[in-house]
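Trainee: Quick one: the structure is below, and I'll ask about it shortly.
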Amino acid sequence: MEKFIPEIMEFTVDSKTHIVEFCRESMKEADSMGVTSNDSMGIYDRTALILYAGLKKNEPFISMRRAKEILDNAFEEGYSLDDFAEIVDEFTRCYKALFTGEGKKKGLVTRRNAAAKAQK
């Protein structure tokens, strides 16, 4: 199983450098906000939510509204959603490392049927 060790990335928008680093808490928050499960969420909103999660560690008072402002300012500077693909890819890698069980050696839950319990 891949370890949860996020890369640190940075980008500059509106003459301000922003540091993106995913932490466990912001990943959990993004998950609870439906980043991977809400099929009605558009790519813009999903990218803004991922950006919010990545900025939260180094900008703890950032809001979702501010993350969307940063994204909008990037568009005004000529960037596109594709320019944020590396951040989205890093989020996906970290998400899988944190929440999926790939490579697990042992299961957490053991199933026992009534017949097996009766034999003991």
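The values are calculated or read from the model by the stated rules, or taken from the named source; none is laboratory data. Model, not experiment: these values are computed from the prediction. Don't worry about glycine lacking a Cβ; one is built from the backbone with ideal geometry, like all the others, and counts go over all protein chains shown.
Trainee: Search the stretch 15-28 for residues being surrounded by fewer than 12 Cβ atoms within 10 Å (Cβ to Cβ) and closer than 15 Å to R66 by Cα, and hand back the single one that is nearest to the chain's Cα centre (by Cα).
Mentor: T17
Trainee: Being more than 8 Å from the chain's Cα centre (by Cα), in a helix (DSSP H, G or I) and not aromatic (F, W, Y) is the filter; apply it to the stretch 29-48 and report the residue that is nearest to E69 (Cα to Cα).
Mentor: Ranking the candidates gives A48 first.
Trainee: Checking N58 against (1) in a loop (DSSP other than H, G, I, E, B); (2) touching a helix residue (DSSP H, G or I) at 6+ places or on another chain (Cβ under 9 Å): exactly one of these is not met. Which one?
Mentor: (2)
Trainee: Shifting gears a bit: Pairs please, first residue from the stretch 41-53 and closer than 16 Å to E90 by Cα, second anywhere and β-branched (V, I, T), Cβ atoms under 6 Å, 6+ apart in sequence or on different chains.
Mentor: Once the first residue is closer than 16 Å to E90 by Cα and sits in the stretch 41-53, its partners that are β-branched (V, I, T) give L49/V35; I50/V88.
Trainee: Return the residue satisfying two criteria in turn: it lies in the stretch 31-60 and is closer than 14 Å to H18 by Cβ and of a type in the set (D, E, K, R), and of such residues it is surrounded by the most Cβ atoms within 10 Å (Cβ to Cβ).
Mentor: Selected residue: K56.
Trainee: Filter the stretch 11-26 for residues that are over 17 Å from A85 (Cα atoms) and of a type outside the set (S, T, Y); which is modelled with the highest pLDDT? Full working, then the answer.
Mentor: Here is the first cut: in the stretch 11-26, the residues over 17 Å from A85 (Cα atoms) are 14-17, 23-26.
Then drop every residue that is not of a type outside the set (S, T, Y), which leaves 14, 16, 23-25.
On the way: D14: 89, K16: 95, C23: 90, R24: 89, E25: 91.
The residue in question is K16.
Trainee: Can you find a residue that is at pLDDT 95 or above, out of contact with any helix residue (DSSP H, G or I) (no Cβ under 6 Å at 6 or more places or on another chain) and not in a helix (DSSP H, G or I) anywhere in the stretch 64-77?
Mentor: yes
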